[in-house]
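The block underneath contains the structure these notes are about, expressed in structure tokens.
The values are calculated or read from the model by the stated rules, or taken from the named source; none is laboratory data. Keep in mind the model is a prediction, meaning the values are calculated, not measured. The protein model used for the area step is the full one, side chains on, heavy atoms only, and it has no ligands, DNA or RNA in it. Shrake-Rupley method; radii C 1.70, N 1.55, O 1.52, S 1.80 Å.
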Amino acid sequence: MLLDVEETIHLTDLSFINLCKEKYGINRGVYNTIDAWFYKQGISNILERRNSILFFLDFIKGNSGVENNQCKFGHGGLTIKLEEYYFSRIEATISKIASNL
């Protein structure tokens, strides 16, 4: 099942979680932790959060954090990766703003 991002973020909760499991190998507990982390960062809109989750998982997948199509984090590693991703996005945004001044 190939869906574009716009279709993906509008799936039912169960379908979205299953897609994350199939594509990234994360279980529901890891998904819930990621979702809660982005919510605590102030992303209350579910569609924005789902986009953030997909971008984060693609970031992890692209940075060699994936074995056999499964994201592996280890004890405490998930929070570290979330912070690494989040702060890299903030730095990129600040750099972009600064270059436009």
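Computing the accessible area with a 1.4 Å probe over protein heavy atoms, can you report the carbon and sulfur percentage for the chain? C and S atoms contribute 53 percent here.
Taking all protein chains into account, the per residue accessible area for the chain stands at 66 Å² (1.4 Å probe).
With Kirkwood radius over Cα pairs in Å as the read-out, I listed (i) 15.2; (ii) 14.4; (iii) 16.8; which label goes with the value calculated from this structure? Derived directly from the coordinates: (ii).
Helix 13-24 and the longest principal axis of the Cα set of the chain meet at an angle near 80°. How would you classify segment 1-46 from its alpha-carbon gyration tensor, with a ≥ b ≥ c the square roots of the eigenvalues: rounded for a/c under 1.5, else prolate if a/b is greater than b/c, otherwise oblate? Cα axes put segment 1-46 in the oblate bin.
Helix 28-40 versus the longest principal axis of the chain: what is the Cα-based angle in degrees, 0 to 90, to the nearest 10? Once rounded, one gets 30 degrees.
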